[in-house]
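Heads up, the thing below is written out as structure tokens.
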Amino acid sequence: MSSLTRADAERRAQIIDVTAYQVELDLSRGDLPDHTTFESRSTITFTATAGASTFLDVKAAEVRSIELNGTLLDLASVADGRVTLPDLAADNAVVVEATMGYSNDGQGLHRAVDPADSQAYLYGHLFLDAAPKVFACFDQPDLKAPYTIVVTAPEHWIVLGNGAATQAIPGRWELATTQPLATYFVTICAGPYASVTDEHDGIPLGIHARASLAQELSDQAPGMLQVTKDAFDYYHQLFDIRYPFGSYHQVFVPEFNAGAMENPGCVTFRDTYLFRGAATQDEILTRATTITHEMAHMWFGDLVTMDWWDDLWLNESFAEYMAHRTLTAITDSDDAWVDSTMARKAWGYAAERAPSTHPVAGSPAPDADSALQNFDGISYAKGAAVLGQLVAHLGDEAFVTGVTAYLKEHAYGNAALADFLGAMETASWRDLSSWAQAWLTTAGVDTIGAHQMGDGVRITRTRSEQAPADRPHAVDVAGWTDGEQVLHVRASLDTDEVTVPVSAGGRAALLVPNASDLTWARSALSQDSLAVLPTQLGQVGEPQHRAVVWVALTDALALAEVDPRLVVETFAQAWPVEDNPSILSRAGLLLTSRVLGEYLPDADVPAAAETSAAAARARLDSAEPGSSQALAAARVLAAATPDADLLGRWAGGTDLPEGLLGDRDFRWLVLRALAVAGAVSADELEAAAAQDSSLQGKLSALAARAALPTEADKEWAWDQLVGDHDRSNYERNALATGFWAGRHTDLVRPYVVAFHRDIPALEGRVGQDALARVATLAYPRTVVEEATAAATREALASGDLSPAVRRALVDQQSVLREVLASRAAFGG
Ligand SMILES: [Zn+2]
């Protein structure tokens, strides 16, 4: 089905105005095994230009009837998910009855069966254009209307949605009429969900998850509720607008494509956020950041919604910035910003290096599908950093005043970038046109360098070659020698070079531009600084500065400016003395998955794996048993160690680090490492799966089985991934993740061709969102050969790829090319 074009949306918005939606969903057979459809009845009242015609969106298994102003329409006119509504009156009512299909790709009304207890769970994820798969509607973000929803469900289920749900009679749930909502924000969650409820400042709160996760839910809900309550207080005070959507439910749902979705009053989260084993502090922090991110959307995105998808970045940049700001305020700790540097900005800089990079704002989004492609590290991480620069540029008071004015002026309606900038200009008495052009509407990243001179520090700004812009930076530079900070200067860098005098202090062995990560820029470490990283980095006192160095090192690695062996050396010395959970986790991943997995030539891997495992062992030995640091170290040790005996003992439950006995997820991590090494059989994996009947266990077993290095197992896994097996989005992701793991190039090489043939062919069977993910995960990045890149080039030239597959191929080929360039520069 083709996606909605901006031109069509604008035309429709000129003709109609939606007054209200009444939706009835019959999910009463949703608990029956293998049930695939549900009944949907939509009544839409709307005003129109009399005599005009427009179209309605309905993507049904079968449309039963369409009645417009009392007249039945010919069902033969339903085509490509649309039906024309002819000869409209000034006031109209259309009633559509349809049979809809449940989805299993996370888009629409997703239905998942929990293998732990065979119970079915439903949730609606209607972003970005899946609403017509649940009810007939005018599916575009600027036609907002209130919803009144009635749901019939099995009597042992609960139903949740945007409006407060009450059970009128057993199995019949009535949801309170909502405030005006965009179609993509509507959700229904239904199933035998377990619940924890609370209340704060007059707002009813609920947290929900599958029944098989009830224990995890009750253990972890208090912490999440505390974050929620503190964030409500913070936002109420900051925005000066009460939370506008009544109750606030947070529902942890299975097989969710994204991290979470900001449905007003009923936020959905991926339920892997409910930790069923040990979790590191950065994992808990990530979940808290997601909670505060979605809450920020209640105001920014939900109360005020963008006119069209091309301003989606503004929602995400704002929520990303606010999430970290809020968490920092309510926890009185900078950990959220350190995590932002390690996890989010590293993601954004990688997006900036790819040929698909784009300006934060103003990327053309001629249709809904193309808008989805720009929903990336630029929209989130760079956008958030740019808002940080805007705060530095205007001052915080003007920024907050502008945000509040913007929200109040457009409450319950829609707005565009120009409205936001206008509010900022009014609040600050500043003209933002050149600032916005440099930071928002021009792509690319500047490089900040620093050189220590006799009596000062020269800070340089090198503009992006592809898209030069005159970006002003609020930036700092710091330097250390053997752990002593010998200089720290701040500067407003609005030219290509500035020299800041330094009064005292000695010469810095390690000099770090953008040391506090105030701006969005490549932090270019000099060759001298890079060379001393192994000995100097671990001695730097503040985690924020160390995080900036790790991200700079990641960037230099990708640009073939630094030998991957230096990354191993740095890891070997700095990681064992690292304490920050985000740095431990992210640097650990960089080392195990990228450096050991891709960058190093095969011949160097055994020794590097020994070195890395020794560093992980040292960190494990020095960590407090059972701590976040110990868990991070155990994970890296499991992923890096060539010691199959150790892994075998861990899999068998002996010699495990404290707190990990009985931890099913850690056991799967170990089993997967054994599988990659060919040190466990398919039968043994099956036995392990039988001991863990959970959804997560089922997925982990698939990933481990796909990782087994035999021809038969690879053949089985590939067929399961792309064949006609009714696999869910998460099952495909698990198979794709396991498939390419390890260094079995000769074994998997034939699948490079298979990838380029079979993955694009999933189009039509898998939604764009899920397809983008599986195409990314299934890309043959570990076959580090020119032929792999060439196969991708050929596929891209063929021209008939969907936007999701095309974008995944462009980005993954770019990452592969970075590794190829590194191998060319440093041997291998
Ligand atoms: Zn968001």
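Here are the numbers for the structure shown:
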read-out: Matching residues in segment 625-657 - criterion: being among the charged types (D, E, K, R) and either at pLDDT below 95 or within 31 Å of the chain's Cα centre (by Cα) (or both); value: Arg635
read-out: Condition check for Phe256: more than 16 Å from the ligand (Cβ to nearest atom), within 16 Å of the chain's Cα centre (by Cα) and among the aromatic types (Phe, Trp, Tyr); value: no
read-out: Condition broken by Glu216, with the remaining ones in (1) in a strand (DSSP E or B); (2) in contact (Cβ under 8 Å) with a residue 60 or more places away in the chain satisfied; value: (1)
read-out: Those residues of segment 259-270 which are away from the ligand (no atom under 12 Å from the Cβ) and open to solvent by 10 Å² or more (accessible area, probe 1.4 Å), in sequence order; value: Arg270
read-out: Hey, Asp431 under 21 Å from Trp520 (Cα atoms), out of contact with any His (no Cβ under 7 Å at 6 or more places or on another chain) and either buried (at least 21 other Cβ atoms within 10 Å of the Cβ) or free of Cβ contacts under 8 Å to residues at least 40 places away in the same chain (or both) or not; value: no
read-out: The lone exception for Leu660 - which of (1) in a helix (DSSP H, G or I); (2) aliphatic (A, V, I, L, M); (3) open to solvent by less than 20 Å² (accessible area, probe 1.4 Å); (4) in contact (Cβ under 8 Å) with a residue 40 or more places away in the chain it fails; value: (1)
read-out: Selected residue [more than 28 Å from Ala209 (Cα to Cα), among the charged types (D, E, K, R) and outside any strand (DSSP E or B)] from Asp139, Asp105, Asp129, Asp117; value: Asp139
read-out: Any pair with Cβ under 9 angstrom, 6 or more apart, that starts in segment 235-263 at a residue that is farther than 22 Å from Ala214 by Cβ and among the hydroxyl-bearing types (Ser, Thr, Tyr) and ends at one that is open to solvent by less than 10 Å² (accessible area, probe 1.4 Å) and assigned to a strand (DSSP E or B); value: Tyr243/Ile203
read-out: Residue list for segment 288-303, restricted to those being within 14 Å of the ligand (Cβ to nearest atom) and in a helix (DSSP H, G or I); value: Thr289, Thr290, Ile291, Thr292, His293, Glu294, Met295, Ala296, His297, Met298, Trp299
read-out: Complete set of residues in segment 777-828 that are without any contact (Cβ under 8 Å) to a residue 60 or more places away in the chain, polar (S, T, N, Q) and open to solvent by less than 10 Å² (accessible area, probe 1.4 Å); value: Thr788, Thr792
read-out: Selection from segment 271-287 of residues that are more than 14 Å from the ligand (Cβ to nearest atom) and among the polar types (S, T, N, Q); value: Thr272, Thr280, Gln281
read-out: Residue within segment 683-693 that is outside any helix (DSSP H, G or I) and either polar (S, T, N, Q) or modelled with pLDDT of 95 or more (or both) present; value: yes
read-out: Set Ala436, Ala478, Ala469, Ala450: member being free of Cβ contacts under 8 Å to residues at least 40 places away in the same chain, open to solvent by less than 20 Å² (accessible area, probe 1.4 Å) and either among the hydrophobic types (A, V, I, L, M, F, W, C) or out of contact with any helix residue (DSSP H, G or I) (no Cβ under 9 Å at 6 or more places or on another chain) (or both); value: Ala469
read-out: From Leu596, Leu600, Leu584, Leu559, residue being closer than 18 Å to Asp339 by Cβ and at pLDDT 95 or above; value: Leu584
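For (1) closer than 27 Å to Asp369 by Cβ; (2) open to solvent by 50 Å² or more (accessible area, probe 1.4 Å); (3) free of Cβ contacts under 8 Å to residues at least 24 places away in the same chain; (4) touching a strand residue (DSSP E or B) at 6+ places or on another chain (Cβ under 7 Å), each residue gets a yes or a no:
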position	(1), (2), (3), (4)
Arg6	yes, yes, no, yes
Ser42	yes, no, no, yes
Ala76	yes, yes, yes, no
Asn92	no, no, no, yes
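Every residue, every condition in (1) part of a helix (DSSP H, G or I); (2) within 16 Å of the ligand (Cβ to nearest atom); (3) touching a Gly at 6+ places or on another chain (Cβ under 7 Å), yes or no:
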| site | (1), (2), (3) |
| --- | --- |
| Glu316 | yes, yes, yes |
| Met322 | yes, yes, no |
| Ala329 | yes, no, no |
| Trp347 | yes, yes, yes |
| Gly362 | no, no, no |
| Ser370 | yes, no, no |
| Gly383 | yes, yes, no |
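The values are calculated or read from the model by the stated rules, or taken from the named source; none is laboratory data. Bear in mind that the values here come from a model prediction, so they are computed numbers and not experimental data. Methodologically, a virtual Cβ is constructed for each residue, glycine included, from the backbone with ideal geometry; neighbour enumeration extends over all protein chains shown. Side chains included, ligands, DNA and RNA excluded: accessible areas come from the protein's heavy atoms. Shrake-Rupley method; radii C 1.70, N 1.55, O 1.52, S 1.80 Å.
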